[in-house]
Amino acid sequence: MSDNDVSMRRVLAIVTNYGVEQDELLVPLEHLRSWGADVDVAAVSADDIQTLVGDRAPGKTIRPELTLNDVDPADYDLLLVPGGTLNADTLRRQESATEIVRSFTSSGRPVAAIGHGPWTLVEAGVIKGKRLTSYRSLRTDIANAGGEWDDEPVIKDDSHGWTLITSRNPDDLEPFLQEIDAALAVDTH
């Protein structure tokens, strides 16, 4: 196996059990798993996760592999924080979620957040001096937390000893996934 073998990579997605934007969770999961990555989804409880489409319509339901309290962040190479307004607002209030974020950033491992996902990073206090994007309504929260918000499909910021990959919404999933692949050193050719 080479260093570019994604089957050696472990990814953790953190969510709540209700309200995660379906495509911001499932598209990255399917993409990474199709390359052979080991991807775990951790939720607040072991109950099923009800995704939503556009914050309104019920989407697919999936079962988490573990709970946020059971996560050992050291076991993973990249953290994925999907959005969905309800999901992100609840997730940022979970101390276990903000601790997971701080574990990744303090150890220099990449974090990828999309849509409202950066709310959890704001709450964890890790975006000061970082350049990022998100769903537009988070712009002021990001600025108040010391981050620099820009309206771009994807932004990768390697400053302060860790990589942050952010995108605005499900329409930006293609460039978002390209940056995640690069962060995991996935050779897709």
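All of the numbers you see were taken from the coordinates with simple rules; none came from a lab. Small disclaimer: the values here were computed from a predicted structure and weren't measured. Here the Cβ is made from the backbone with ideal geometry for all residues, glycine too, and neighbour counts use every protein chain on show.
Placing +1 on the Cβ of every Lys and Arg and -1 on the Cβ of every Asp and Glu, with nothing else charged, gives the chain a dipole about its Cα centre of roughly 440 debye. Think of the chain as having a plus end and a minus end, set by charges on the Cβ of Lys, Arg, Asp and Glu; of G54, A143, A88, A143 sits farthest toward the positive end of this dipole.
Cross-link reach is defined here as a Cα-Cα straight distance under 24 Å, omitting same-chain residues fewer than 8 places apart; for K156 the lysines meeting it are K128, K130. From the Cα gyration tensor of the range 90-140, with a ≥ b ≥ c the square roots of its eigenvalues, which class applies: rounded if a/c is under 1.5, or else prolate if a/b is larger than b/c, or else oblate? Taking the square roots of the gyration eigenvalues as a ≥ b ≥ c, the range 90-140 is oblate. A Gaussian network model of the chain, with springs between Cα atoms under 10 Å, assigns the largest mean-square fluctuation among P73, P153, P58 to P58. With both residues required to sit in the chain, DSSP beta bridges show an antiparallel share near 25%.
How do R139, R63 rank when sorted from fewest to most other Cβ atoms within 10 Å of their own Cβ?
Numbers: R139 15, R63 10.
So the ranking, lowest neighbour count to highest, is R63, R139.
Sorted on the mean count of surrounding Cβ atoms within 10 Å across their residues, most packed first, peptides 8-21, 113-126, 94-107, 167-180 read 113-126, 8-21, 167-180, 94-107.
Order of 145-151, 37-43 by packing, highest average Cβ count within 10 Å first? Before the final figure, lay out each step's value.
Values: 145-151: 17.1, 37-43: 20.9.
The packing order, highest mean first, is 37-43, 145-151.
Work through the residues other than R139 whose Cβ is under 15 Å from its Cβ and net out their charges, Lys, Arg +1 and Asp, Glu -1. Before the final figure, lay out each step's value.
Values: positive: K130, R131, R136, R168; negative: D141, E148, D150, D151, E152.
Value of the local net charge: -1.
When K130, K60 are sorted by how many other C-beta atoms sit within 10 angstrom of their C-beta, beginning with the fewest, the order is K60, K130.
Amide hydrogen proximity for G84: with H placed 1.01 Å from N in the peptide plane, the residues at 5 or more positions away or on another chain lying under 5 Å are E21, H116, G117. Mean residue ellipticity at 222 nm, helices only, the chain: -8500 deg cm²/dmol; runs of at least 4 DSSP H residues each add -39,500 (n - 2.57), and the sum is divided by the number of residues. Using θ = phi - 60° in the Karplus curve 6.51 cos²θ - 1.76 cosθ + 1.60, the 3J(HN,Hα) couplings for the range 35-40 round to 8, x, 5, 8, 10, 10 Hz; x is entered for Gly and Pro. Of the listed values (i) 44, 37, 30; (ii) 67, 50, 38; (iii) 67, 44, 24, grab the one calculated as Cα extents along the principal axes in Å from the structure here. Label of the calculated value: (i).
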